[in-house]
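As structure tokens, the structure follows; a few thoughts come after it.
The values are calculated or read from the model by the stated rules, or taken from the named source; none is laboratory data. This is a predicted model, so every value here is computed, not measured. Because the Cβ atoms are built from the backbone with ideal geometry, glycine has one as well, and the counts that use them run over all protein chains shown.
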């Protein structure tokens, strides 16, 4: 991902300090330990960057964007805590998950604490309109996860169904992050453009994220190859591989996909090899790039600024991300 965020460097440092304080402020020692463990794991902080860049690009000054950025990262962190419980994940970003260390109850409750704290922060700052949009995005995210769960193991899932799922579980939340800029800057006429940017960026982001599950370096991504396949998640790389492979490779993919959690590391690498050799990996990158281009087009109407250029650069560099 693009690291050219010099114009919001101080803002990001302020966001991190809020996250640190919020993680350690719980009256529950366990919750504080869980939240601080997840915060220290780091991450791209893409969602708070989107809030800050969109707001500063529209000339919004003050610290309201900083608090909004912290709130979205807390919501995102809560979803990761919950996801790891649902998926039974033992590691994330190369570290043990909170669920593995403290148990699923502590992970879920800590996630709930982060969610409620994030909403409370926005109420205290008077950011009711953004809170409404963020709440809608959180509900949509849950719908996406439920839809994905309903499709587990369905090798006949089509691209339109897949795209709808990732719109709900990933892209709409990024859209809300970008809309924050127009909401906080009181520029309603640009809310649609920023929302479209976030939506298209989120779709492209998730497509590449799903591809990295097959082609990424586990030492970099912090996730083993084939994790989605073991969990029965049918994503674009697999859909395209089934579409583009010859009959022998297609039959082998179906056989391996049916193994679920029994899939070995060697077999996961075999699936990854088919994803690449069939042309599916390249097809996914091409599809992601088409959405990234739409994201760029959506923000060209913004006033020229370093922040607008960074938004454009993030979209253009998306397909080259390695984690």
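Given the residues 202, 192, which is the only one that is more than 18 Å from the chain's Cα centre (by Cα), within 27 Å of residue 51 (Cα to Cα) and without any contact (Cβ under 8 Å) to a residue 40 or more places away in the chain?
Only one candidate passes the filter, namely 192.
Please find, among 105, 139, 86, the residue that is out of contact with any helix residue (DSSP H, G or I) (no Cβ under 7 Å at 6 or more places or on another chain), under 29 Å from residue 33 (Cα atoms), in contact (Cβ under 8 Å) with a residue 12 or more places away in the chain and part of a helix (DSSP H, G or I).
86
Out of the helices (runs of 4 or more DSSP H) lying entirely within region 221-323, which hold 3 or more residues that are within 20 Å of the chain's Cα centre (by Cα)?
Correct list: 227-230, 236-244, 280-299, 306-316.
Filter region 111-129 down to the residues that are surrounded by 14 or more Cβ atoms within 10 Å (Cβ to Cβ), part of a helix (DSSP H, G or I) and more than 19 Å from the chain's Cα centre (by Cα) and list them by number.
Answer for region 111-129, where residues must be surrounded by 14 or more Cβ atoms within 10 Å (Cβ to Cβ), part of a helix (DSSP H, G or I) and more than 19 Å from the chain's Cα centre (by Cα): 113, 117, 119, 121, 122, 129.
Name the one entry in 126, 144, 216, 153 that is in contact (Cβ under 8 Å) with a residue 24 or more places away in the chain and on the phi > 0 side of the Ramachandran plot.
Exactly one residue qualifies, and that residue is 153.
In region 216-228, which residues are within 22 Å of residue 278 (Cα to Cα) and either modelled with pLDDT of 95 or more or touching a strand residue (DSSP E or B) at 6+ places or on another chain (Cβ under 9 Å) (or both)?
224
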